[in-house]
1. Describe numerically, in nm with one decimal, the distance between label points set 7 Å from Cα along Cα→Cβ at SER115 and at ASN167.
2. Could you work out how far apart the two model spin labels at ASP160 and LYS246 are, taking each label as a point 7 Å from the Cα in the direction of the beta carbon, and quote it in nm?
3. What are the semi-axes of the equivalent ellipsoid of the stretch 236-357, taken as the square roots of 5 times the eigenvalues of the Cα gyration tensor, listed largest first and rounded to whole Å?
4. Taking the convex hull of the alpha carbon atoms in the stretch 27-102, what volume per residue do you get, in Å³?
5. So which aspartates and glutamates can LYS312 reach, going by Cα to Cα under 16 Å and dropping same-chain residues fewer than 8 places off?
6. Regarding the chain, what are the three Cα extents along the principal axes, ordered largest first, in Å?
7. Using mean Cβ contacts within 10 Å as the protection proxy, how do 133-139, 5-11 order, highest first?
8. Rounded to the nearest 500, what is the chain's calculated 222 nm mean residue ellipticity when only DSSP H runs of at least 4 contribute -39500 (n - 2.57) each, over all residues?
Amino acid sequence: MSNYSKIIEEDCSHIIKRVGSSLDYLKNKSLLITGANGFLCSYFVDVINQWNKSLEPSNRCFVHAMDNFSSSKKTRLKHLINENEIKFYNTDVSKSVNINDVDYIIHGASIASPSIYRIYPLETLDANVSGTRNVLKLAVLKKVTNVVIMSSSEVYGDPDNNNIPTNEQFNGNVSCEGPRACYDESKRIAETLAYVYKTKYKLAVNTIRPFNVFGPGQNLDDKRLVPDCIKSVLNNSDIEIFSDGKSTRSFCYVSDAVSAILLLLLKQPEEFLAFNVGNDEIEITMKELADLVLKVGKRVIKSNTNKVIFKKSFDVHYNTDSPKRRSPDLSRIKSTITWNPIVSLEKGIERTIKSYL
Ligand SMILES: NC(=O)c1ccc[n+]([C@@H]2O[C@H](COP(=O)([O-])OP(=O)(O)OC[C@H]3O[C@@H](n4cnc5c(N)ncnc54)[C@H](O)[C@@H]3O)[C@@H](O)[C@H]2O)c1
């Protein structure tokens, strides 16, 4: 077994333990996952597949895994292609979403990398607006038990210092024009759609606002910060920072985020629509993150002798409207489910680097 498969399998075992008996709600049910081939949602598919193996066939959860492969590599879930309880669909969710039998939905289909959504702004808007509408319509039609819509911490835009850490009541400081607007604003519309379906149709739906989730399986070419730094470490080249390195982020390891999202999906909290999901332990600058990836990289790959350097990006909009600080207030989720982020940033980076070796 490769390092990659081994680490993802270990992560899945941890997630199954943490979600515990709540997973029983999925026994003999079916789950639609859109964006299933992407970094975050492929973890849900792997988790359910691993959990299914512990069950009698009649109790297993059937997974409808839907993606149009617009921003992920087709190989991610190829190890599951012959599983009886998983059906794969090559579908653009913005066109239509039709499934006969579905009890739960995780809607994650969206271009998520800033460098890619700047090239495909209309496709990004379509997935988050029409795609979310299609998913919500299906959910009402099929009387689905609960839906989780993957929104983003980007709905907050660039919060002022008084709103850091940011809680769910903060209404955001977001621009409706500019290179990030196609993503930020379409996630906001997706949340509004969820709100309308929750209030008008009494649909059980929650929206999730992830704060910089990273981990194994993230596309090393999609220019998000952690995979970009890790790619340099793996290529034995200097880590390049295309800004002043002073903006901050709070990074969350994927197994923490996936556990939280599954717990929310299965608990169906009615009181609130939106939940921040992230890690509130540490808010660090881009430069500190790059230094940490380099330090861990040197420990894991002994021959690495590189450094962190500053450069100007060829992409003129690389930094336009990029938030100066991002850090989650997790009070709401912590008072709703029994959950805490438990994987340290350093440990998460180490696992991620090892998974690519
Ligand atoms: N990873 C994070 O830190 C983070 C942060 C905030 C929000 N999110 C949200 O979580 C979800 C998953 O993010 P990710 O990091 O796994 O991104 P990802 O790019 O790895 O995965 C997204 C998947 O959606 C698919 N997709 C895109 N448009 C589609 C369409 N029209 N129809 C069907 N499939 C489509 C892509 O091919 C890809 O496989 C996204 O909605 C993203 O906006 C992620």
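1. So the two model labels end up 3.7 nm from each other.
2. Label at ASP160, label at LYS246, 1.9 nm between them.
3. The three semi-axes for the stretch 236-357 are 31, 19, 11 Å.
4. Convex hull volume per residue, Cα atoms: 81 Å³.
5. LYS312 reaches ASP228, ASP238, GLU240, ASP244.
6. Extents along the principal axes, in whole Å: 54, 47, 37.
7. 133-139, 5-11
8. Rounded to the nearest 500, the figure is -11500 deg cm²/dmol.
The numbers here are math on the coordinates, done by the rules we state, and not lab data. Everything numeric in this text was worked out from a predicted model, so none of it was measured. Neighbour counts are summed over all protein chains in view; Cβ atoms, including those assigned to glycine, are modelled from backbone coordinates with ideal geometry.
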